[in-house]
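Here's the structure, in structure tokens; my notes come after.
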Amino acid sequence: MIQKDAPKVKENKNIKNVIAVMSGKGGVGKSTVTTLLAKELRKKGYAVGVLDADITGPSIPRLMGVSEQKMTTDGKNMYPVVTEDGIEIVSINLMIDENEPVVWRGPVIAGAVMQFWNEVVWSDLDYLLIDMPPGTGDVPLTVFQSLPLNGIIIVTSPQELVGMIVSKAVNMAKKMDVDIIGIVENMSYVKCPDCDKKIYMFGKSHSQEVADRYQLPLLGQLPIDSELTQLSDQGYVENYHSDWFDEFSQKVKDI
Ligand code: ADP
């Protein structure tokens, strides 16, 4: 069942590609993947923005190392915070105290995301990445119906792949004619530090199976890496380097 009353939005002709990153559940690494991708695209010379649409659980400012800053406004428009390497960031946490909970009902939350699209003055961007809230609620519905999305990336954990959570996200996108760029399995395995062997802690991976079932590209299987957790917590994700990430970002760019 899909509700049809889509809000009208402003045309943002200065944004070339809009990609939403979504997940079925929270905590699977959606914001981490969004941040890594934004940093990588920026390193390759693209103009990048990130719209943090996870209004009740915003983590992009911290991951991007700008949580101390605040967005500005001239009473009519809002202006993004810009990271040292030039990525434009918009998040509710750049407007309020980050310890303050956002206790709003669904339509108000979706309205805030629309305001971020309509009232923020973005520069000319090659890529705007939208970090979606987990699940298939008001915000994904509004973003899918109203924003000019080029496609979505679905981030999952190994456990989600065996259940129906990924299927729900895939089916929602398909029903609403939104292109799925591909699936990323995060926290897929741990690499043994002594022998380099991959250890699949949650049993055999099902990501290829699920990707094949829906005829979607599997963009990557990302390991659990404590260095990534530490750098994310400190807001220095750009210092993270790994072969798997180069491969993954190249695939996203090629698609
Ligand atoms: P989500 O956006 O899906 O809620 P986050 O990206 O905020 O999830 O990640 C949740 C936590 O897991 C963060 O502390 C993050 O640093 C950590 N994390 C995410 N992916 C990995 C990974 N591949 N290896 C290690 N830690 C990770």
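All of Val102, Val166, Val108, Val143 fail the test of being β-branched (Val, Ile, Thr), farther than 30 Å from Glu227 by Cβ, assigned to a helix (DSSP H, G or I) and within 16 Å of the ligand (Cβ to nearest atom), apart from Val143.
The selection criterion, being surrounded by 15 or more Cβ atoms within 10 Å (Cβ to Cβ), touching a strand residue (DSSP E or B) at 6+ places or on another chain (Cβ under 8 Å) and closer than 18 Å to Ser31 by Cα, holds for Ala169.
The condition of being surrounded by fewer than 17 Cβ atoms within 10 Å (Cβ to Cβ), among the acidic types (Asp, Glu) and touching a Phe, Trp or Tyr at 6+ places or on another chain (Cβ under 9 Å) holds for Asp126. The residue that is farthest from the ligand (Cβ to nearest atom), among those in region 202-255 that are touching a Pro at 6+ places or on another chain (Cβ under 8 Å) and of a type in the set (A, V, I, L, M, F, W, C), is Ile255.
Test Val28 against the stated conditions and say whether it is surrounded by fewer than 21 Cβ atoms within 10 Å (Cβ to Cβ) and touching a Ser or Thr at 6+ places or on another chain (Cβ under 6 Å). Judged against the criteria, Val28 is not a match.
I need a count of the residues in region 210-249 that are surrounded by fewer than 13 Cβ atoms within 10 Å (Cβ to Cβ) and within 27 Å of Ile180 (Cβ to Cβ). Residues flagged as surrounded by fewer than 13 Cβ atoms within 10 Å (Cβ to Cβ) and within 27 Å of Ile180 (Cβ to Cβ) within region 210-249 amount to 6.
For region 193-247, enumerate the residues that are in a helix (DSSP H, G or I), in contact (Cβ under 8 Å) with a residue 12 or more places away in the chain and among the β-branched types (Val, Ile, Thr). If the condition is that a residue be in a helix (DSSP H, G or I), in contact (Cβ under 8 Å) with a residue 12 or more places away in the chain and among the β-branched types (Val, Ile, Thr), then Val210, Val237 are the ones that fit. No other residue among Ile60, Ile15 is under 30 Å from Lys174 (Cα atoms) and within 16 Å of the ligand (Cβ to nearest atom) apart from Ile60. Taking the conditions exactly as written (modelled with pLDDT of 95 or more, of a type outside the set (S, T, N, Q) and not in a strand (DSSP E or B)), does Gly86 satisfy them or not? It is true that Gly86 is modelled with pLDDT of 95 or more, of a type outside the set (S, T, N, Q) and not in a strand (DSSP E or B). The single condition among (1) in a loop (DSSP other than H, G, I, E, B); (2) more than 10 Å from the ligand (Cβ to nearest atom); (3) more than 19 Å from Asn150 (Cα to Cα); (4) not charged (D, E, K, R) that Pro7 does not satisfy is (3). Would you call Leu161 outside any strand (DSSP E or B) and modelled with pLDDT of 90 or more? No; evaluated as a whole, the condition is false for this residue. Being under 12 Å from the mean Cα position of the chain (by Cα) and either modelled with pLDDT of 95 or more or assigned to a loop (DSSP other than H, G, I, E, B) (or both) is the filter here; which residues of region 36-62 pass it? If the condition is that a residue be under 12 Å from the mean Cα position of the chain (by Cα) and either modelled with pLDDT of 95 or more or assigned to a loop (DSSP other than H, G, I, E, B) (or both), then Gly49, Val50, Leu51, Asp52, Ala53, Asp54, Pro58, Ser59, Ile60 are the ones that fit.
Among the residues of region 81-104, the one identified as among the small types (Gly, Ala, Ser) and surrounded by 14 or more Cβ atoms within 10 Å (Cβ to Cβ) is Ser91.
The values are calculated or read from the model by the stated rules, or taken from the named source; none is laboratory data. Just so you know, these numbers come straight off a predicted model, no measurement behind them. Cβ coordinates were reconstructed from backbone atoms using ideal geometry, including for glycine residues, and neighbour counts include every protein chain displayed.
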